[in-house]
Amino acid sequence: MHQLTLAEIARGLADKKFSSEELTKVLLARIAQLDPQLNSFISLTEDLALTQAKAADARRANGESGALLGAPIAHKDLFCTQGIRTSCGSKMLDNFKAPYDATVVAKLAAAGAVTLGKTNMDEFAMGSANESSYYGAVKNPWSLEHVPGGSSGGSAAAVAARLLPAATGTDTGGSIRQPAALTNLTGLKPTYGRVSRWGMIAYASSLDQGGPMARTAEDCAILLQGMAGFDPNDSTSIDEPVPDYSASLNGSLQGLRIGVPKEYFSAGLDPRIAELIHNSVKALEKLGAVIKEISLPNMQHAIPAYYVIAPAEASSNLSRFDGVRFGYRCEDPKNLEDLYKRSRGEGFGPEVQRRIMVGAYALSAGYYDAYYLKAQKIRRLIKNDFMAAFNEVDIILGPTTPNPAWKLGAKNSDPVAAYLEDVYTITANLAGLPGLSMPAGFVDGLPVGVQLLAPYFQEGRLLNVAHQYQLNTDWHTRTPTGF
Ligand code: GLN
């Protein structure tokens, strides 16, 4: 039963092959048995899950239907869940029980989804390896010596290990797409403003976006349907109708113009990944797509711009965690200054402290123009590159990451080496565009992802292309040994 996708679960529940309660019990038992190897959960919510599963079964018995009614999922631990620990992977929020549900959590619960727990993540979503979590590193089910990617590494590892069919993630610079690539999943970062950020603990507010992680594009369509939509509580949420994502999965790819940026195939890319990307291009060509070489000339500036803007916004967002208004408070403070200093010094881990320092520096008087303002100008140039490219093509295709998963600890002493792994994903966040990563093959037994980018609000197009690709390839069906 644990192999079933969301789409298969919906059919099984509708055909009364099993109940949501039965399925939930099977998955909870599987998590108890296998998660100690992976560390993909920070909190399990067994009681809530069983209550929600029984309620979903009762709704079905009353004639209700719906693709998410009774479907087991989990939330990245930065989505606020009422009465349940919402830690953001940090000691700072280790005992924070959110007083309300994030909009995403509330919407999915209303659709009948069953929450099995809260997944592990890099502290405050800062990282690409899920090693900065206060709750310990997450292991990649494809190789327990390797990282699963981050910052949504817990959601990725849990879904890849078939502990559950799908989970939520968030993506500020790649944190849905990169762990999806490194664990053989399909993950989608929606257009900025498509999914409400209300109740999603902020890292960098102008970049953060929640989205689905699952094994197939078909399942991402189902989960995104439950997450997307206007929310008056989020002033950056956009009031656009939500299309039926599942209905557009079977569109023909005949004549679809795919742009492949020449800058993507530079020296930093593992040549074995380049070859797999070329294979996926060929597979899409066979389905009728037309390939065109394009250029994104300002891509080389994306990493420095992102690593100014994201820390700058983080330094502002995280100022509220001071031991007074929010978060951990140190013991026996000598005075107010000591309380602030030690609460933040003890409550935040080293990567978060590094980002706060970089961000506060970039925003400080005298440096603001040189760093923050400059980075914002680069951001506009990157967006303009995409706008020009999308005049010529419908989709942009390339690798999700320059390398496959690295060994646990391998990049710990060199944070910049980890930042460089984000080169292909962060441009979509800087421009606010939707992006999807899907399985494209393996290098040394480790999964590789291909990334698709589309114009604003074209999530349906991304899912359509990915679904057609998955009907004609079987990478996404491969299961890690031992799971
Ligand atoms: N790796 C990037 C960072 O550390 C992206 C993280 C994210 O998308 N949350 O900032």
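The values are calculated or read from the model by the stated rules, or taken from the named source; none is laboratory data. Here the structure is a predicted model, which is why all the values come from computation and not from measurement. Neighbour counts are summed over all protein chains in view; Cβ atoms, including those assigned to glycine, are modelled from backbone coordinates with ideal geometry. Just so you know, the surface numbers come from the protein's heavy atoms only, side chains and all, with ligands and any DNA or RNA stripped out. Shrake-Rupley method; radii C 1.70, N 1.55, O 1.52, S 1.80 Å.
The figures follow:
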read-out	value
Kirkwood hydrodynamic radius (C-alpha pairs) into Stokes-Einstein, the range 206-269, 10 °C and 1.306 mPa s, D in µm²/s	105 µm²/s
Probe 1.4 Å - accessible area at Cys80, Å² to nearest ten	10 Å²
Reachable lysines, given that their alpha-carbon falls under 29 Å from the alpha-carbon of Lys286 and they are not under 8 places away in the same chain	Lys189, Lys262
In order through the range 35-51: 3J(HN,Hα) via Karplus (6.51 cos²θ - 1.76 cosθ + 1.60), integer Hz, x for Gly, Pro	5, x, 6, 9, 6, 7, 10, 8, 9, 9, 10, 4, 5, 4, 4, 5, 4
Kirkwood hydrodynamic radius over Cα pairs of the chain, then Stokes diffusion coefficient at 20 °C and 1.002 mPa s, in µm²/s	97 µm²/s
Rounded to whole Hz, the Karplus (6.51, -1.76, 1.60) HN-Hα couplings of the range 299-313, x for glycine and proline	4, 4, 8, 5, 5, x, 5, 4, 7, 9, 5, 4, x, 4, 5
Long-range amide H partners of Gly117 with built H, under 5 Å	Thr45, His75
Simple label model, 7 Å out from Cα along Cβ direction - Arg380 to Ser413, nm	4.3 nm
Candidates per chymotrypsin sites (Phe, Trp or Tyr not before Pro) in the range 226-281, loop by DSSP, up to 16 other Cβ within 10 Å	Phe230
13 Å beta-carbon shell around Gly193, net charge (K/R +1, D/E -1)	-3
Lysines with Cα under 21 Å of Lys91, excluding same-chain neighbours fewer than 8 positions away	Lys76, Lys118, Lys139, Lys341
Relative compactness, the range 1-70, computed as alpha-carbon Rg over 2.2 N^0.38 Å	1.15
The chain, accessible area per residue, ligands and nucleic acids excluded (1.4 Å, Å²)	37 Å²
Length-normalised contact order of the chain in % [C-alpha pairs under 8 Å, at least 6 apart]	18 percent
If the convex hull is drawn through the Cα atoms of the range 130-190, its volume per residue in Å³	76 Å³
Where Rh is the Kirkwood radius over Cα pairs, Rg/Rh for the range 196-239	1.01
Environment charge of Ala10, counting only residues whose C-beta is closer than 13 Å and scoring Lys/Arg +1, Asp/Glu -1	-1
Spatially proximal lysines relative to Lys374 (Cα-Cα < 24 Å; intrachain offsets below 8 disregarded)	Lys383
Cut-off 11 Å between beta-carbons: net charge of the residues surrounding Ala61, Lys and Arg +1, Asp and Glu -1	+2
Beta bridges per DSSP with both ends in the chain, % antiparallel, nearest 5	70 percent
